[in-house]
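Engineer: Take this structure, written in structure tokens, and hold onto it; I'll ask about it next.
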Amino acid sequence: MISLAQSIDASFKTRLEAASRLHKDYQGGGGVYDEMVDGQGRIRSHWQTFLAGLATMSDAEIANAWASADRLVRDYGITYNAHGDPSGEDRPWRLDPIPLIIPADEWRALERGLIQRARLLNAVLADLYGEQRLLTDGVIPPALVFGNDQFIRPVRGIALPNDLYLHFLAIDLARGPDGRWWALSDRTQAPIGAGYTLENRVIMARTLPDLFKDCRVERLAAFFQSLRDELIKSIRNDDPKLVIHSPGPTAETYFEHAYLARYLGVPLVQAADLTVRDRRVFMKTLSGLQPVHMIWRRVESHQYDPLTLQSDGLNGIPGIIEALRAGHVSIVNALGSGLVESDALMHFLPKLAQELLGEDLLLPQIASWWCGDDDGKAFVQEHMERLVIRPTFVSRSIMQGTPRHTIGAQLDRSSRAALSAKIERSGDDYVGQELATLSTAPSWQDGRLQPRPVGLRVYLAASGDSYRVMPGGLTRTSEHTDSEAAFMHQGEASKDSWVLADRPLSSFSRLGQVEQRQVPKRGGQDIASRTADNLFWFGRYAERMEGGLRLLRAFLLRVIGDDVGEDAMVRATLLDLMVERGYLAKTTAKQVGSRFGDMSERGLSFLVFDPDAINGIGNLADSLKRTAGSVRERLSSDSWRILQELQSNIEAYRTTTGRDIDANLHLFNQFLRMLAALSGMQMENMTRGFGWRLFDMGRRLERGVLTAKLIEGFAGRHTDVEPLILNVLLQLADSGITYQTRYTAEPSALLVIDLLLLDETNPRSVVFQLNCLSEHLEALPRAAEQAGLSDEQQQLSRIKAKIDLADLKTLSQSTNQRRERQALIEIMAAIDQELGEISDTVARRYFSHAEPLGRSGPIWLGSGL
């Protein structure tokens with residue numbers, strides 16, 4: 001009789017044997033360490049559960065799982081901006097679906113070495129920015145410090161709480177042929193990749209949920225919660241304020257900045273959001289200036305204070321070093337912490353470990369020789385063909401590899417001689433390192449597992465007087481099979497890193513977390529002014545794009561009509577409106593008029609992507625993408641997916657020609673549906689804070705202006721061809737059904753004007769937009785001592801008064817020889833002008849923060865330039 005345990009064991013062996021179809025002809029080993037198989041080609045024990053589970057999936061199920069992972073990457077909008085890419089476009093993130101698996105006992109040993117290394121690097125920084133005993137005692141050559149632009153002299157001597165310089169750091173690892181992990185480099189300034197690591201985990205846990213559970217993988221959420229808690233706890237204030245400072249959407253890893261800000265629940269800011277007053281840092285918000293106590297910077301140190309460091313960049317905060325010196329703000333990581341990233345310093349770390357910690361260095365590291373030292377220079381010159389030569393002082397990115405490195409083995413004799421001469425003249429500027437041999441791990445290639453080289457970046461966060469290691473990290477892999485590599489190639493793939501648990505798994509998750517120390521809050525009132533500005537224009541661009549598409553659609557519907565008569569008149573009016581609103585350039589409109597007959601053959605794409613039109617649909621789509629990207633941390637994943645789909649469809653339209661009119665109309669309808677879905681997501685899902693109000697204000701201003709222009713262009717003129725022209729107007733204002741359900745007669749000017757101008761129940765009418773604006777303006781913050789109506793409220797009141805005093809019959813009557821409704825034209829022009837002025841006033845008051853208005857409560861900065 002077979003026991004249950006024997007049955008399970010036999011079943012496992014059967015599944016493991018079935019997994020051989022997945023790794024047939026897998027050629028691991030060959031002089032390098034392979035993560036999955038040992039030297040005899042046997043599956044390592046910690047991989048067996050994963051492979052046995054994968055074997056239970058059919059080829060179709062595996063293909064579907066990988067397709068699901070790719071789809072999630074696209075849906076989540078995971079991208080990075082490669083600075084080396086001439087196009088400057090965001091690149092999609094690439095995720096290899098086979099994780100790197102690390103056993104628990106191995107990880108525990110690795111953790112000890114990583115924590116010691118973090119403590120050592122922090123101690124080195126504390127000395128170099130403090131007593132500098134390491135320099136006076138000759139442990140570190142002064143040239144390695146004073147020759148490095150990462151040494152920020154003005155911050156030396158500034159006392160930091162607990163001498164903590166490194167709150168968060170990363171260490172790049174590779175496994176050598178002997179199976180040991182080796183440190184390749186240290187990332188201490190503003191290490192990137194943690195957000196991508198977390199997103200990789202989210203995707204893999206959804207793609208392979210059963211395997212993830214069966215393998216008992218250590219969770220990541222507790223690490224990030226500990227990081228946040230430690231940062232908040234270190235702030236000496238009863239109401240601590242932490243922000244993440246990003247360079248903005250042009251940063252190569254802006255996705256990560258936005259993702260971490262949203263995940264950790266802290267504001268994402270740019271330099272323009274922050275200001276220093278009286279040696280204190282404040283964030284500009286709609287409610288005034290709010291104090292900031294800690295900044296997690298994603299900006300390089302030498303750019304951080306243009307006032308003190310005399311940098312030319314726009315990412316710095318003038319006066320921040322004085323605020324730091326006064327102890328009013330903390331910066332994560334400390335300014336100048338990139339000093340210990342130099343590869344040349346690695347040569348001195350074993351001695352530094354003894355000097356500062358009284359310990360041997362636990363984690364082996366790649367051998368390095370600094371050419372500023374005579375012995376190091378001689379060794380590099382003699383063994384150049386076996387080394388990688390790097391600049392001593394250079395920053396690196398995990399996305400871009402290492403710039404300006406030279407592999408000695410790839411140089412001919414004359415090139416090696418030339419490089420040796422440079423090293424002889426300027427030895428301080430060069431460091432030689434042994435060429436790293438990376439281990440291989442299984443990657444999914446052509447429907448089966450194949451070995452590919454991998455490197456691992458691990459992350460550590462300060463925890464009390466020590467450090468905590470993230471149980472996992474960002475694994476990078478290459479499509480190239482060469483394991484003797486100097487760096488990971490730009491644009492290669494990533495992997496999730498699974499550390500197997502040997503203890504009960506934590507069930508902690510930040511999703512749905514209840515924090516007992518906090519009281520319920522109503523958020524959305526401390527929004528940064530730049531964010532509010534972008535939300536405002538996000539709403540305007542979305543509404544402006546919708547209006548332009550409606551005009552273009554109405555125009556195309558009349559392309560099939562006659563070139564004379566009523567259709568020609570409607571087309572001419574539509575062209576005039578599109579030119580006036582910037583949807584078409586005048587020259588393009590003239591071409592349309594002169595070459596009307598062959599429009600369908602030319603694909604009509606010039607109507608959408610007119611490069612000379614400031615509000616051309618293509619330009620508006622780019623503006624919508626830019627503003628949405630700037631507030632990405634405030635958009636739901638569903639909203640972002642709609643934007644991604646809209647953008648991809650527009651790009652496809654941009655590159656395809658030859659569509660007939662029906663195909664163009666179908667696409668325009670599709671674009672309009674996406675825009676409607678996008679607006680609906682914001683209306684239904686955004687909390688009714690200041691951000692939502694500014695977004696909706698942008699929409700209402702834009703819709704009010706366009707509706708006024710439509711009424712002026714169609715109902716104000718061409719009174720001789722009613723009701724045709726009024727039908728077109730109702731279609732453009734999306735109010736045709738409303739009119740038909742109320743009135744059985746053909747459209748009349750009086751009833752149409754009432755519906756589109758005065759009807760408070762019609763969400764497309766001008767008055768409806770004004771009422772919404774009035775409600776929003778009343779809710780926005782104002783200076784405490786300001787009495788009466790604000791400037792923008794007074795402007796809005798003037799518009800509403802003009803409309804209230806207008807007589808509907810007078811507005812609907814033609815009053816001049818051209819049979820135009822002059823009174824209607826004048827009031828529509830006044831609405832257009834006043835709404836434009838309201839937009840400018842709102843921008844001055846809430847976005848520019850140029851003039852102080854009050855002293856009560858938070859420091860207030862409002863209107864005035």
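The values are calculated or read from the model by the stated rules, or taken from the named source; none is laboratory data. Keep in mind it's a predicted model, so treat the numbers as computed, not measured. Cβ sites come from the backbone with ideal geometry, for glycine too, and all protein chains shown count toward neighbours. Note: accessible area is taken over every heavy atom of the protein model, side chains too, but ligands, DNA and RNA are not part of it. Shrake-Rupley method; radii C 1.70, N 1.55, O 1.52, S 1.80 Å.
Engineer: Sort 701-711, 93-103, 321-331 by packing, meaning the average of other beta carbons within 10 Å per residue, with the highest value first.
Structural biologist: Ranking, from highest mean packing down: 701-711, 93-103, 321-331.
Engineer: Continuing with the same structure: Among the listed pairs Lys709/Lys809; Lys709/Lys802; Lys213/Lys495; Lys233/Lys625, which have their C-alpha atoms separated by more than 25 angstrom in this model? Working shown, then result.
Structural biologist: Working: Lys709/Lys809 20 Å; Lys709/Lys802 17 Å; Lys213/Lys495 18 Å; Lys233/Lys625 37 Å.
Too far apart for the 25 Å limit: Lys233/Lys625.
Engineer: Over all directions, the average projected area of the alpha-carbon convex hull for region 329-463 comes to how many nm²? It would help to have the intermediate numbers written out before the result.
Structural biologist: On the way: hull surface 49.6 nm².
About 12.4 nm², averaged over all directions.
Engineer: Whole-Hz ³J(HN,Hα) for each residue in region 198-211, computed from phi via Karplus 6.51 cos²θ - 1.76 cosθ + 1.60 with θ = phi - 60°, x for glycine and proline: what do you get?
Structural biologist: Running phi through 6.51 cos²θ - 1.76 cosθ + 1.60 with θ = phi - 60° gives 5, 5, 4, 5, 4, 5, 5, 5, 7, 6, 10, x, 5, 5 Hz.
Engineer: Along each principal axis of its Cα atoms, how long is region 226-350 end to end? Whole angstroms, biggest number first, please.
Structural biologist: 51, 35, 32
Engineer: Right, another one. Out of residues 5 or more away from Leu286 or on other chains, whose amide H comes under 5 Å of its own, with H placed 1.01 Å from N in the peptide plane?
Structural biologist: Answer set, sorted by chain and number: Ile527, Ser529.
Engineer: Would you kindly derive the ³J(HN,Hα) couplings of region 639-646 from the backbone phi angles with the Karplus curve 6.51 cos²θ - 1.76 cosθ + 1.60 (θ = phi - 60°), listing them in order in whole Hz, with x for Gly and Pro?
Structural biologist: 4, 5, 5, 4, 4, 4, 5, 4
Engineer: Do any trypsin sites (Lys or Arg not before Pro) in region 161-195 lie in a DSSP loop with no more than 16 other beta carbon atoms within 10 Å, and if so, which?
Structural biologist: Values: sites: Arg175, Arg180, Arg187; in loops: Arg180.
Answer in residue order: Arg180.
Engineer: Quick one: ranking Asp178, Asp567 by accessible area, 1.4 Å probe, largest first, what do you get? Show your work: numbers first, answer last.
Structural biologist: Details: Asp178 90, Asp567 50 Å².
My answer, sorted largest first, is Asp178, Asp567.
Engineer: Would you pull out the residues with amide H under 5 Å of Ser330's amide H, same chain only if 5 or more places away, H placed 1.01 Å from N?
Structural biologist: Result for Ser330 returns Met294, Ile295.
Engineer: Considering only protein heavy atoms and a probe of 1.4 Å, how much of the accessible area of region 755-838 is carbon and sulfur, as a whole percent?
Structural biologist: 48
Engineer: Once you list every other residue whose beta carbon is under 10 Å from the beta carbon of Ala441, what net charge do they have if Lys and Arg are +1 and Asp and Glu are -1?
Structural biologist: Numbers: positive: Arg175, Arg452, Lys495; negative: Asp34, Glu35, Asp96.
My count for the surroundings of Ala441 gives 0.
Engineer: Tell me the carbon and sulfur percent of the accessible area for region 87-224, rounded to whole percent, probe radius 1.4 Å. Working shown, then result.
Structural biologist: Numbers: 2410 of 4730 Å².
Within region 87-224, the accessible surface is 51 percent carbon and sulfur.
Engineer: Compactness ratio of region 718-848: Cα Rg over 2.2 N^0.38 Å, N = residue count?
Structural biologist: Its radius of gyration relative to the 2.2 N^0.38 Å reference: 1.22.
Engineer: Gly336's amide H: which non-local residues (gap 5+, or another chain) put their own amide H closer than 5 Å, with H modeled 1.01 Å from N in plane and none for Pro or chain starts?
Structural biologist: Ser301
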